[in-house]
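**Q** One structure, pasted below without further comment.
The values are calculated or read from the model by the stated rules, or taken from the named source; none is laboratory data. Since the structure is predicted, the reported quantities are computational estimates derived from the model, not experimental observations. Counting neighbours? That spans all protein chains shown, and the Cβs are built from the backbone with ideal geometry, glycine included. Each accessible area value is taken on the protein alone, full model and side chains, heavy atoms only, with ligands, DNA and RNA left out. Shrake-Rupley method; radii C 1.70, N 1.55, O 1.52, S 1.80 Å.
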Amino acid sequence: MNIRTQLDTIITQALANAGADNAPAVVKTSARPEFGDYQANGIMGAAKKLKMNPRELATKVVADLELNNEITELVESFEIAGPGFINIHLKNTWLAERIEQTLKSDNLAIAKTNKPETVVIDYSAPNLAKEMHVGHLRSTIIGDSISRVLELLGHKVIRQNHVGDWGTQFGMLLTYMSELKQESSELNSELEVQLADLEKFYQAAKIRFDEDETFAAQARENVVKLQAGDVEFLKLWQQFIDTSLNHCDEIYQILNVKLTRDDVAPESQYNDDLANVIIDLDKTGLLSENQGAQCVFLDEFKGKEDSIIPMIVQKSDGGYLYATTDLAALRYRHNQLGMTRGLYLVDARQSLHLKQVYVVGKKAGFVPESTSLEHMAFGTMMGKDGTPFKTRSGGTVKLIDLLNEAKLRAFDLVTSKNPDLDEESRRSIANTVGIGAVKYADLSKNRTSDYIFNWDTMLSFEGNTAPYLQYAYARIQSIFRKAGDINNNAEISLLEPAERLLATKLLQFSEAVEIVAKDGTPNFLCNYLFELSGNFMSFYEACPIMKADEVTKQSRLKLAKLTANTLKTGLDLLGIDVMERM
Ligand code: ARG
């Protein structure tokens with residue numbers, strides 16, 4: 001159990017002993033060191049319910065706590081402050097002991113959950129008709145970080161890359177592909193050249209579609225053929241999808257994201273189940289016909305002026321929709337994957353769609369009521385001017401171009417700081433810094449709001465950025481290059497305030513990790529790592545290591561070691577690499 005939870009549990013019990021049942025202790029880390037390490041803020045609320053004087057209740061609670069070995073083992077003193085806060089000062093010896101244990105443990109003493117879930121996490125999910133663009137960045141990296149965190153805590157994580165490979169645009173693309181095949185004698189190589197730039201390929205197909213009526217008619221016919229299982233078209237389509245997924249894999253590799261081909265669960269996978277979805281919805285009585293289309297009307301889907309926005313699951317021409325596929329995917333995840341918790345990393349603009357899928361899925365019995373379905377929504381990435389991020393000419397920015405630019409900019413930066421380093425080393429550092437910076441800039445923001453993409457701030461060595469954290473890590477490694485190995489038998493002492501502050505912070509790592517697991521908010525972990533680096537820098541200034549006597553030196557090296565381990569593990573949970581030298 002982490003310190004906060006441990007204190008919270010015991011103090012909540014003490015409140016109950018004092019007559020306040022079901023009153024949470026609300027233990028938080030203290031805003032300032034003078035207020036102790038933690039504080040319990042729940043006393044005032046509990047006293048109000050009991051119609052009691054809060055300071056009197058606090059006195060009772062503290063008296064109870066002082067008799068409880070479980071808490072006096074770690075707490076030096078309690079202090080009643082203001083209207084009824086309890087400030088909690090932890091014991092130095094206990095902190096030192098914990099640091100020691102954490103250093104020795106695997107995984108920084110992060111405890112595995114006692115309630116392991118099967119978490120299906122739906123992220124990245126680009127539409128394969130085009131190349132990945134900046135709009136796919138957030139889902140991909142936030143989802144990846146959350147899945148790493150859940151795995152570390154011992155949950156069974158199943159990644160599902162719900163790529164769009166089955167829409168009507170494929171009729172247009174396939175028609176264009178077969179045209180090219182007829183024109184070219186060396187068809188495969190020619191086609192490959194064309195497909196190398198999917199974006200251009202799409203544009204070219206679109207022009208044919210818009211300008212030529214026969215082509216457009218053919219395209220519409222071909223979608224129907226494809227979806228009905230025409231062997232020739234399926235072959236062409238497969239070729240297109242493969243090329244397109246290769247593009248994605250390249251991006252995932254550059255981004256250091258864990259998604260593989262095995263995680264691809266494309267929309268087309270559900271094709272054969274769509275008719276059943278409609279039949280089963282009909283059986284539950286949820287379906288009604290509206291202008292020839294099959295819809296679900298539910299009170300939950302109220303729009304403006306109380307009008308109900310229906311969820312359309314089958315068009316009047318018999319075609320199925322995005323929503324139908326999501327319902328099929330939902331029950332597949334329950335029946336085949338054993339999902340107990342489902343996380344959807346999808347743009348905030350799809351929140352009505354997902355809400356409809358969840359409500360209808362539960363009402364239809366596709367998933368049980370108990371399954372937690374969570375839309376982990378995110379806002380839009382904006383340019384400096386506050387409008388959605390675009391190229392100079394106003395087009396969408398290809399993700400690959402953005403990532404290449406990040407590497408180039410980081411290379412200039414590294415070169416200016418380290419002109420004497422050989423080029424290969426500078427390139428390698430630049431790649432880690434550049435990609436880390438782009439990811440961190442995104443992960444460190446509250447995901448629900450839009451955010452402004454700014455090269456200068458994300459590549460700065462000051463402030464809450466990846467380069468700052470990577471630099472803090474490299475700096476500690478350079479200390480170890482000078483100091484050599486640690487003497488493992490050395491004792492840790494925390495007499496200096498900066499040592500104590502750093503130690504307490506180090507022990508709060510699991511608190512940050514658990515918040516990310518619960519709320520899907522990597523920005524909490526980023527903030528934690530930023531504060532930890534700040535505490536380390538202050539410690540490093542106030543407490544010399546190499547110049548200290550041997551005993552003190554060893555103790556401080558241990559703190560430095562645990563800081564480095566924590567930074568490395570924490571950044572790895574964000575999918576960001578560290579370097580030994582920068
Ligand atoms: N392909 C979709 C898009 O680009 C995102 C899919 C999200 N996942 C889902 N199960 N609907 O908008």
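**Q** Name the residues in the range 118-131 that are open to solvent by less than 10 Å² (accessible area, probe 1.4 Å) and at pLDDT below 95, would you?
**A** LEU128, ALA129
**Q** A further question follows. So, in the range 241-277, of the ones that are open to solvent by 20 Å² or more (accessible area, probe 1.4 Å) and aliphatic (A, V, I, L, M), which residue ends up nearest to HIS133 (Cα to Cα)?
**A** The extreme case among them is ILE254.
**Q** Filtering the range 407-459 down to residues that are part of a helix (DSSP H, G or I) and among the β-branched types (Val, Ile, Thr), which residue is farthest from CYS526 (Cα to Cα)?
**A** My answer is THR415.
**Q** If you don't mind, another one. Of GLU250, GLU179, which residue is among the charged types (D, E, K, R), part of a helix (DSSP H, G or I) and touching a Lys or Arg at 6+ places or on another chain (Cβ under 9 Å)?
**A** Of the residues listed, the single one that is among the charged types (D, E, K, R), part of a helix (DSSP H, G or I) and touching a Lys or Arg at 6+ places or on another chain (Cβ under 9 Å) is GLU179.
**Q** Would you point out the residue of the range 331-359, among those that are assigned to a loop (DSSP other than H, G, I, E, B) and β-branched (Val, Ile, Thr), that is farthest from the ligand (Cβ to nearest atom)? Lay out the reasoning, then the answer.
**A** Going through the range 331-359, the residues assigned to a loop (DSSP other than H, G, I, E, B) turn out to be 336-340, 345-346.
Add one more test, that the residue is β-branched (Val, Ile, Thr), and what stays is 340, 346.
On the way: THR340: 17, VAL346: 5 Å.
Taking the candidates together, the pick is THR340.
**Q** Suppose we filter the range 23-58 for residues that are in a loop (DSSP other than H, G, I, E, B), touching a residue at least 40 places away in the same chain (Cβ under 8 Å) and over 31 Å from the mean Cα position of the chain (by Cα); how many remain? So that I can check it myself, show each step before the final result.
**A** Let us first name the residues in the range 23-58 that are in a loop (DSSP other than H, G, I, E, B), namely 23-26, 30-32, 36-37, 41-42, 51-53.
Still in the list and also touching a residue at least 40 places away in the same chain (Cβ under 8 Å): 30, 36-37, 41.
Checking the rest, the ones that are also over 31 Å from the mean Cα position of the chain (by Cα) come to 36.
Qualifying residue count, the range 23-58: 1.
**Q** Is there a residue in the range 523-540 that is in a loop (DSSP other than H, G, I, E, B), touching a residue at least 12 places away in the same chain (Cβ under 8 Å) and within 22 Å of LEU95 (Cβ to Cβ)?
**A** There is no residue in the range 523-540 that is in a loop (DSSP other than H, G, I, E, B), touching a residue at least 12 places away in the same chain (Cβ under 8 Å) and within 22 Å of LEU95 (Cβ to Cβ).
**Q** Moving on. If you go through the range 312-321 one residue at a time, do you hit one that is touching a Leu at 6+ places or on another chain (Cβ under 9 Å) and surrounded by fewer than 16 Cβ atoms within 10 Å (Cβ to Cβ)?
**A** Yes, the range 312-321 contains a residue that is touching a Leu at 6+ places or on another chain (Cβ under 9 Å) and surrounded by fewer than 16 Cβ atoms within 10 Å (Cβ to Cβ).
**Q** Quick check on this structure: which one of ILE80, ILE99 is open to solvent by less than 10 Å² (accessible area, probe 1.4 Å), over 25 Å from LEU255 (Cα atoms), away from the ligand (no atom under 15 Å from the Cβ) and modelled with pLDDT of 95 or more?
**A** ILE99
**Q** Follow-up. Report the residue count in the range 134-173 for those that are among the aromatic types (Phe, Trp, Tyr) and either more than 15 Å from the ligand (Cβ to nearest atom) or open to solvent by less than 20 Å² (accessible area, probe 1.4 Å) (or both). Before you say what the answer is, go through the steps one by one.
**A** Going through the range 134-173, the residues among the aromatic types (Phe, Trp, Tyr) turn out to be 166, 170.
Right, trim to either more than 15 Å from the ligand (Cβ to nearest atom) or open to solvent by less than 20 Å² (accessible area, probe 1.4 Å) (or both) and you get 170.
Total meeting the criteria: 1.
**Q** Follow-up. Residues in the range 416-434 that are touching a helix residue (DSSP H, G or I) at 6+ places or on another chain (Cβ under 6 Å) and open to solvent by less than 40 Å² (accessible area, probe 1.4 Å): how many?
**A** Residues that pass the stated criteria total 5.
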